[in-house]
Amino acid sequence: MPMRRALLATTAAGIVLGALAAQAADYSGRRASYPPSATVPVEDFNWGGLYGGIHAGITNGDFRMGNVAQEMADNAYSNHIANDLATSIARLTTSGSDQQTHFGGFLGYNWLWEDVVVGLEFDYTHMKDKLQFSDTYSDGRRRDRGLFSDNINYTASARSKLGDFGILKLRMGYPIGRFLPYVTAGMVVGKQRVSGTYTSTYTEYTLDAATGAITGINAGPTARNASIGKAGYNLGGAFGAGLDVAVIDNLFLRAEYQWIGMTDYRGARTTANSFRLGAGVKY
């Protein structure tokens, strides 16, 4: 009897263990059949092709006009014995600035080159009012030379203006899905105007050989004046950086900065910092 009960208990235990083992195997098989978790890829966006748009923003101009006064003094004292004195003392305020709002448009084309976007773009900017700066300065100086002394008193005034400008620029960017950060370099053509007047009085004194004191007037006083005026197109360079963001497949927004440096224009040098926001269409 005890042997029979032991045999029955052993058989029942075997049936239970077998059922548990089969259930575990079935559970393990069902787990293994689940697909691995999927990763979300970065969206691929095609930045190549033709595009165009509009922009608006603020441009700040910096002006340096010291050479304008020197050029006018050189003209007033051309072939004169006091030419070097006149040009050495002629000056205006070192620099000044002005800020204006602007709007404009751009048109360009992008090429895809492996993981880089290379583009060519033309950007036109219309200033609401011309960037401008004006200054007036007066001074005088005396220089002794043996038995004579040159004396000059002058007043110089000048105004420099920068109007609309266009930039033809190369762009290079690294696309990150719908984001395109980029840098630019290009050539600027801008409307510029410089005008000024220079009035002076020249007197040549005679000096005492022993003491150097003024003993009389040998020549003058005479007025020696000059003016300058030029308006036209000037060239320069531009460097910048920006970010394009594709909102939908054919519409993008833009934020951009451009540094602009114009070449010397009749003694005036102008640089500008241009900040703009824009929107464009990709064709």
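Solvent-accessible area of segment 146-226 (1.4 angstrom probe, protein heavy atoms only): carbon and sulfur portion equals 60 percent.
Under a point-charge model restricted to the Cβ atoms of Lys and Arg (+1) and Asp and Glu (-1), what is the dipole moment magnitude of segment 121-177 relative to its Cα centre, in debye to the nearest 20? The calculation lands at about 140 debye.
In terms of overall dimensions, segment 124-283 has a Cα radius of gyration and Dmax of 26.3, 89 angstrom.
Whole angstrom only: what separates the Cα centroid of segment 245-283 from the Cα centroid of segment 177-227? Cα centroid of segment 245-283 versus Cα centroid of segment 177-227: 34 Å apart. Overall size of segment 58-139 from C-alpha positions, given as principal axis extents largest first: 66, 28, 18 Å.
For the set Phe179, Phe165, solvent exposure ranked by accessible area (probe 1.4 Å, protein chains only) runs largest to smallest as Phe179, Phe165. In this structure segment 163-202 gives 41 Å² per residue of accessible area when probed at 1.4 Å with all protein chains present. For Gly196, the shell of other residues with beta-carbons less than 14 Å away shows a net charge of +4, using +1 for Lys and Arg and -1 for Asp and Glu. Electrostatic tally near Val68: other residues with Cβ closer than 13 Å to its Cβ, Lys and Arg +1, Asp and Glu -1, net +4. If the limit is 27 Å between Cα atoms, which of Lys128/Lys230; Lys130/Lys230; Lys161/Lys282 go over it? In this structure, Lys161/Lys282 lie more than 27 Å apart at Cα.
Straight-distance candidates among the aspartates and glutamates for linking to Lys169, with alpha-carbon spacing under 17 Å and chain neighbours fewer than 8 residues away dropped: Glu121, Asp123, Asp244, Glu256.
Each 10 Å bin from 0 upward holds the following percent of the Cα-Cα pairs of segment 81-196: 11, 25, 20, 17, 13, 9, 4, 1, 0.
The values are calculated or read from the model by the stated rules, or taken from the named source; none is laboratory data. The structure presented is a predicted model; accordingly, all values stated were derived computationally and were not measured. Neighbour counts are summed over all protein chains in view; Cβ atoms, including those assigned to glycine, are modelled from backbone coordinates with ideal geometry. Surface accessibility is based on the protein's heavy atoms, side chains included, excluding ligands, DNA and RNA. Shrake-Rupley method; radii C 1.70, N 1.55, O 1.52, S 1.80 Å.
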